[in-house]
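In what follows, a structure is listed as structure tokens, so that the remarks can point back to it.
The values are calculated or read from the model by the stated rules, or taken from the named source; none is laboratory data. This is a predicted model, so every value here is computed, not measured. Reconstructed Cβ throughout: ideal geometry from the backbone, glycine too, with neighbour counts over all protein chains shown. Note: accessible area is taken over every heavy atom of the protein model, side chains too, but ligands, DNA and RNA are not part of it. Shrake-Rupley method; radii C 1.70, N 1.55, O 1.52, S 1.80 Å.
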Amino acid sequence: MAGCGVYIHWPFCRSKCPYCDFFSRVRKDVPQDKLVDGYLEEMDFYAEMTGPREITSVFFGGGTPSLLSPQNIERLIDYISKKWRLAKEAEISLEANPNSRHSSLFADLKQAGINRLSLGVQSLHDEDLNFLGRTHTAAEALSAIEEILRLFDNHSADLIYALPNQDLAVWEKDLRFVFSLGLKHLSLYQLTIEEGTVFAKKGVEPMAEEPAAEFYQRTGEAAAAAGYPRYEVSNFCRPGFECRHNLLYWEGGDYIGIGEGAHGRLTCGGDFFATTYRCRAEKLTSRERAEELLLTGLRLEKGIDKKNFEKICGLKFDVIIGASKRQQLRQLGLIEDSPARLKATSAGRLLLDRIVEELWS
């Protein structure tokens, strides 16, 4: 049985962040039990579709999944273990906001089966948190970090940088402090202004390209020096603490998507399927799957394993990604191309969209 992940999307938030372009809903009164009943029905459908699988990771994302009660989280984890075989060492992650907890929430989440907690810190400065539309304070974030460090062996925090007019020296000082806390994993995202977001409607301008690139470069250097090497464009960790669930996406593994904002990728009977809410499965061609593998694989520091690429999509890498295209990009210093792997260089990671367009054209 091939390993597989389960992504559970809880779309509800207490407020909508102005930079967020993910699917979410702001609601106070949410019929949790009824909605979770629907999630269990979705699992019934996908269990029939996949047959026996070993589930190696479960990820509760959102939205704000820490608003989902620990009792319902436990229901969902228990049902996964009934429908498939939940691996003994499965990674079970949940995203939480610092102020979405009551006094015992994190302990209750651990009791429910969560073994990896990802905290949406975003900034250590109240002024920046206010700009980002966050409803927690820096003090609340630090208190929450302290608690998850005490309760969990595997933990992560998200921060956003390259805010308009942000000072690089202040950001580097923030990084040194965050590195000193002892978190196992960090997701460090550049602020982008996505179409349709509140920031875009208000005309907020992103940091200019050149200083943003310097922020990106210095962030990677500081993280590596502190023992957090980059393993994906925006993700850094202590060795051995990569997010196994997200690696499934980037390396082309199968995962089941549950919930209104979830999607999935499944291989069944030799065919590839893209799944969406509610229980819809669209067959993908080998070329469509290959394009996805190129898009996601180049995000990884180690790049694309060509044999794995061919095993997943059934197409010869050197045929579908021509040598002349690779040679041009290699001469520009944007990729490294060996018989085993194709990867973006440090300069190339700043131009991934261009690289993919050139390779796939």
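Any residue that is of a type in the set (D, E, K, R), under 26 Å from the mean Cα position of the chain (by Cα) and farther than 21 Å from Arg265 by Cβ - is there at least one of those in segment 291-302? Yes, that holds for at least one residue.
When Thr135 is tested against (1) open to solvent by 10 Å² or more (accessible area, probe 1.4 Å); (2) modelled with pLDDT of 95 or more; (3) not in a helix (DSSP H, G or I), exactly one condition is not met: (2). Within segment 337-361, the residues that satisfy the criterion of being under 20 Å from Lys306 (Cβ atoms), touching a helix residue (DSSP H, G or I) at 6+ places or on another chain (Cβ under 7 Å) and either assigned to a helix (DSSP H, G or I) or open to solvent by 70 Å² or more (accessible area, probe 1.4 Å) (or both) are Arg341, Gly348, Ile355, Val356, Glu358, Leu359, Trp360.
A quick yes/no check of all residues on (1) at pLDDT below 95; (2) under 30 Å from Thr137 (Cβ atoms); (3) open to solvent by 40 Å² or more (accessible area, probe 1.4 Å); (4) not in a helix (DSSP H, G or I):
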residue: Met43; (1), (2), (3), (4): no, no, no, no
residue: Phe60; (1), (2), (3), (4): no, yes, no, yes
residue: Lys82; (1), (2), (3), (4): no, no, yes, no
residue: Glu89; (1), (2), (3), (4): no, no, yes, yes
residue: Gln111; (1), (2), (3), (4): no, yes, yes, no
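Yes or no, residue by residue, for (1) under 21 Å from the mean Cα position of the chain (by Cα); (2) more than 28 Å from Arg176 (Cα to Cα); (3) touching a residue at least 40 places away in the same chain (Cβ under 8 Å):
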site: Met43; (1), (2), (3): no, yes, yes
site: Tyr46; (1), (2), (3): no, yes, yes
site: Gly63; (1), (2), (3): yes, yes, yes
site: Ser66; (1), (2), (3): yes, no, yes
site: Lys82; (1), (2), (3): no, yes, no
site: Arg85; (1), (2), (3): no, yes, yes
site: Ala112; (1), (2), (3): no, yes, yes
site: His136; (1), (2), (3): no, no, no
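Counting only residues that are in a helix (DSSP H, G or I) and open to solvent by 20 Å² or more (accessible area, probe 1.4 Å), segment 290-329 holds 17 of them. Of the candidates Val36, Val30, Val26, Val58, the single residue that is of a type in the set (A, V, I, L, M, F, W, C) and in contact with an Asp or Glu (Cβ under 8 Å, 6 or more places away or on another chain) is Val58. Within segment 1-46, being of a type in the set (Gly, Ala, Ser) and under 19 Å from Ile73 (Cβ atoms) holds for Gly5, Ser24, Gly38.
The sole residue among Pro52, Pro65, Pro70 that is closer than 16 Å to Glu260 by Cα and not aliphatic (A, V, I, L, M) is Pro65. Looking at segment 155-178, is at least one residue assigned to a strand (DSSP E or B) and either over 22 Å from Ser15 (Cα atoms) or polar (S, T, N, Q) (or both)? Looking through segment 155-178, at least one residue is assigned to a strand (DSSP E or B) and either over 22 Å from Ser15 (Cα atoms) or polar (S, T, N, Q) (or both). Whether any residue in segment 21-37 is in contact with a strand residue (DSSP E or B) (Cβ under 7 Å, 6 or more places away or on another chain), over 21 Å from Ala281 (Cβ atoms) and outside any loop (DSSP other than H, G, I, E, B) is what I want to check. Among the residues of segment 21-37, at least one is in contact with a strand residue (DSSP E or B) (Cβ under 7 Å, 6 or more places away or on another chain), over 21 Å from Ala281 (Cβ atoms) and outside any loop (DSSP other than H, G, I, E, B), which makes the answer yes. Filtered by the rule that a residue be loosely packed, with under 14 Cβ neighbours inside 10 Å and more than 22 Å from Asp167 (Cα to Cα), segment 204-239 gives Gly227, Pro239. When Pro31 is tested against (1) over 21 Å from Gly252 (Cβ atoms); (2) touching a residue at least 12 places away in the same chain (Cβ under 8 Å), just one condition goes unmet, and that condition is (2). Report whether or not Glu242 is at pLDDT 95 or above, open to solvent by 20 Å² or more (accessible area, probe 1.4 Å) and within 23 Å of Cys313 (Cα to Cα). When the stated conditions are applied, Glu242 does not pass them. In segment 222-235, the residues that are part of a loop (DSSP other than H, G, I, E, B) reach residues that are open to solvent by 10 Å² or more (accessible area, probe 1.4 Å) with C-beta atoms within less than 7 angstrom, at least six apart or across chains, in these pairs: Ala226/Phe179; Gly227/Arg238; Tyr228/Phe179; Tyr228/Arg238; Val233/Arg299; Val233/Arg349; Ser234/Tyr189. Of all residues in segment 91-105, those satisfying the criterion of being in a loop (DSSP other than H, G, I, E, B) and in contact (Cβ under 8 Å) with a residue 12 or more places away in the chain are Asn97, Pro98, Asn99, Ser100, Arg101. Within segment 186-203, being surrounded by 13 or more Cβ atoms within 10 Å (Cβ to Cβ) and in a helix (DSSP H, G or I) holds for Val198, Phe199, Ala200.
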